[in-house]
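The structure under discussion appears below in the form of structure tokens.
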Amino acid sequence: MADFVVASAKACSGGSPYFDETATRALVERDVARTRDIASTLVNHYAMSFEGSSRDFAALKAPTLVVHGDHDPVFPLPHGHALRDAIPGATLLILEGAGHDLPKPLWGVFVSALLRHTGGGRPR
């Protein structure tokens with residue numbers, strides 16, 4: 001099972017230079033060891049429904065930061081641009097070298113952008 005999950009994570013990385021198979025395998029092995037039913041955890045994403053008003057992005061009023069990896073094979077970068085354009089006033093942070101994940105080497109870029117976006121945790 002761990003081999004399948006690691007291979008899936010690697011595929012979702014989209015060929016990111018930041019993908020660390022050794023660290024991913026260690027995390028996956030810990031997850032597999034502690035779960036009661038690993039098979040059920042692997043299908044949760046496929047059980048989600050996106051029907052109805054959940055796609056009415058124009059109705060969003062909250063300040064929005066869209067974060068998207070330029071290597072994302074699940075939702076390629078044009079999806080990030082489209083989401084930014086669909087949400088009034090949204091901004092887009094493109095994580096260069098990231099796939100459909102947030103690799104550790106880009107945490108600083110992401111956290112800095114998030115702090116700027118939220119006012120650094122201070123009231124706006």
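The values are calculated or read from the model by the stated rules, or taken from the named source; none is laboratory data. Because the structure is a prediction, the values reported are computed rather than measured. Don't worry about glycine lacking a Cβ; one is built from the backbone with ideal geometry, like all the others, and counts go over all protein chains shown. What goes into the accessible areas is simple: the full protein's heavy atoms, side chains included, and nothing from ligands, DNA or RNA. Shrake-Rupley method; radii C 1.70, N 1.55, O 1.52, S 1.80 Å.
Just a few scattered comments:
- Computed over protein heavy atoms with a 1.4 Å probe, the carbon and sulfur contribution to the accessible area of the chain reaches 60%.
- Each stretch of four or more DSSP H residues adds -39500 (n - 2.57); spread over every residue of the chain, this sum gives -12000 deg cm²/dmol at 222 nm.
- Distances between placed amide hydrogens fall under 5 Å for A98 paired with D70, H71, all partners being 5 or more residues away or on another chain.
- Segment A7..H79, full-extension length gain: 23.6 nm, with 0.36 nm per residue of separation and the alpha-carbon distance subtracted.
- Of the peptides 85-94, 111-120, the order by per-residue mean of other Cβ atoms within 10 Å, starting with the highest, comes out as 85-94, 111-120.
- Entry for Rg/Rh (Cα atoms, Kirkwood Rh) (calculated from the structure that is shown) out of [x] 1.01; [y] 1.24; [z] 0.93: [x]
- Taking packing as the residue-averaged number of other Cβ atoms within 10 angstrom, the listed peptides 75-81, 11-17 run from highest to lowest as 11-17, 75-81.
- Along each principal axis, Cα extent of region 1-46, largest first, Å: 33, 23, 12
- Gain upon complete extension [R36, K61; 0.36 nm per residue less C-alpha separation]: 5.0 nm
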